[in-house]
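Remarks on the structure that follows.
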Amino acid sequence: MAQDQPLSHATTSETPAAAPAGDARSDPRRRQVLEAARRLFEEKGFEATTMAELARHVGIAVGTLYKFFKDKRALYQTLVADTVRDFEVELCRALDDPELDLVGKIDAFLRIGTELFEKHLPLIRVYFAETEAAFLFTPAGLEDEALRSHQRILDALTRTMRRGVEQGILIDLDPAALALALEGMHNGFLTTMVRFPGMFTPEQICTYTHRVFFESALRS
């Protein structure tokens, strides 16, 4: 039976701490800032958007804006973390669904991941513009909570692969390697939505990833 020590990562169970009473994170204007920043970043790009312009859109003083976020980069990383958290919640729910078998879980992972990529595509384009290495390694620009969310997705996918190996459905390989292979292949197809729009339909992305993965990973 495969051992998963070489590539496995320690499972993380951290969740963001609740904001203390009076904390700036609980101010409803903070959410308004994030929503306005998302629109401006998507319309103009990260570099072309200024904090002064953002403050005008929200109707607050620039000084108030800096009470919520120390700079524009911190604001951008918060938006990225919120987006990755959306992926985490939906993908982990599918992978942990007791009603689905192994193939069902992986197909749900591919379908939901593709749908979310489409949903967040405008901000994802900003992310790829700011992180050139993301075309080679999609999580390259993630920091802090976003990186932890991504790790929790990988942990859930690794658990799914481990059960497949133990049940004799998947080949006898490190489950973490299988998880990385599936995620990397899927991300490779997804990035075509950014670089080569229209090359593959969302349905083709799911179907091709499924076929390539299972033709390689299913035990004969």
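The values are calculated or read from the model by the stated rules, or taken from the named source; none is laboratory data. Given the structure is predicted, the values throughout are model-derived calculations rather than measurements. Heads up, the Cβs are rebuilt from the backbone with ideal geometry, glycines too, and the neighbour counts pull from every protein chain shown.
Observations
- Per the listing Phe117, Phe200, Phe189, Phe109, the residue uniquely surrounded by fewer than 20 Cβ atoms within 10 Å (Cβ to Cβ) and of a type in the set (Phe, Trp, Tyr) is Phe200.
- In segment 171-197, the residues that are assigned to a helix (DSSP H, G or I) form Cβ pairs under 6 Å with partners that are surrounded by 21 or more Cβ atoms within 10 Å (Cβ to Cβ) and modelled with pLDDT under 95, at six or more places apart or across chains, as follows: Asn187/Thr138.
- Qualifying residue in segment 143-161 (condition: aliphatic (A, V, I, L, M), in contact with a strand residue (DSSP E or B) (Cβ under 7 Å, 6 or more places away or on another chain) and buried (at least 19 other Cβ atoms within 10 Å of the Cβ)): yes
- Note on segment 51-97: enclosed helices (runs of 4 or more DSSP H) holding 3 or more residues that are within 26 Å of the chain's Cα centre (by Cα) are 72-95.
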